[in-house]
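A quick write-up on the structure given underneath.
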Amino acid sequence: MIEIDRVSLSAIHRKLPDAVNLFICSASFERRCLSVPMALAQALSPQRSLVCVNARSVVPAAENAKALMGVCRLNCERVSLDRGNPVRTADSLSAALSRAFNSSRQGSQTVVVDITTFTHEALLILLRLLQNTAEKRDRLLLAYSPAAEYSVGLPPSEKWLSRGIRGIRSVLGYPGELKPSLKSHLIILPGFEFHRAARLLDAFQPNFVSIGL
């Protein structure tokens with residue numbers, strides 16, 4: 001069963017069970033990556049923690065990773081991800097989850113993931129690995145701390161969290177299936193990033209297109 005609840009950071013610990021077996025978070029150049037871990041550290045002490053860090057991090061992200069390791073303290077493992085190599089990311093996450101579950105597997109497990117600053121690709125890979133690793137009786141809780149504003153001070157037309165297209169690829173673990181003998185149907189949820197939708201159309205050359213608004 002999926003439940004969604006909006007709470008303040010100061011009260012987030014009240015929404016979680018007293019015993020958290022595994023806490024997972026991701027370092028970022030944004031200080032926002034510290035907000036949920038710091039809020040939880042004041043009231044909860046997970047048995048194990050995984051701090052995910054992109055191997056190609058910029059300096060602010062590396063500094064925030066150190067801060068996260070300090071916040072999570074005991075039984076905290078740094079997990080190296082590679083934004084340019086999804087296979088390496090999956091292997092690293094898989095190994096870390098295996099160690100975490102094998103060391104603490106006693107009855108049902110409660111896993112809390114701060115998804116605030118994971119990339120979409122890394123998060124999808126992580127969720128698929130958790131789906132394969134966890135048992136039905138385990139509980140998965142996701143926390144997200146939204147930003148009040150991006151690109152502060154710029155007009156709406158110039159506000160960007162990310163810009164441009166590096167490449168187009170299937171997310172590892174969600175490959176889909178393309179057969180030359182069958183017609184293709186591309187479904188796009190474009191939001192405001194119409195240039196990315198146009199790039200997908202050009203790359204896939206689908207027979208049918210559905211655009212969700």
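Here are the numbers for the structure shown:
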read-out: C-alpha long axis of helix 59-72 to longest principal axis of the chain, angle in °; value: 40
read-out: Alpha-carbon centroids, the range 52-75 and the range 1-47: separation in whole Å; value: 16
read-out: Theoretical ellipticity at 222 nm over the chain - DSSP helices of four or more residues, -39500 (n - 2.57) apiece, nearest 500; value: -9500 deg cm²/dmol
read-out: Cα shape, the range 9-154, gyration tensor, a/c 1.5 rule; value: oblate
read-out: Nearest-ten-degree value, helix 194-204 long axis tilted from longest Cα axis of the chain; value: 70
read-out: Compactness of the range 87-133 - radius of gyration and Dmax, Cα, Å; value: 11.1, 31
read-out: Apportionment of accessible area to carbon and sulfur, the chain, percent (1.4 Å); value: 55
read-out: Cα-only radius of gyration and Dmax that characterise the range 1-82, units Å; value: 13.1, 40
read-out: Cα-based helix-to-principal-axis angle, 86-104 vs the chain, degrees rounded to 10; value: 30
read-out: For the chain, cysteines whose Cβ has no other cysteine Cβ within reach (under 4.7 Å); value: Cys25, Cys33, Cys52
read-out: Per residue accessible area of the chain, 1.4 Å probe, in Å²; value: 65
read-out: Ser98-Glu158 FRET efficiency (beta carbon distance; Förster radius 35 Å; 0.05 resolution); value: 0.20
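The values are calculated or read from the model by the stated rules, or taken from the named source; none is laboratory data. If you're wondering where the values come from, they're calculated on a predicted model, not measured in any experiment. Glycine also receives a Cβ, built like all others from the backbone with ideal geometry; neighbour counts cover every protein chain displayed. With ligands, DNA and RNA removed, areas are computed over all heavy atoms of the protein, side chains included. Shrake-Rupley method; radii C 1.70, N 1.55, O 1.52, S 1.80 Å.
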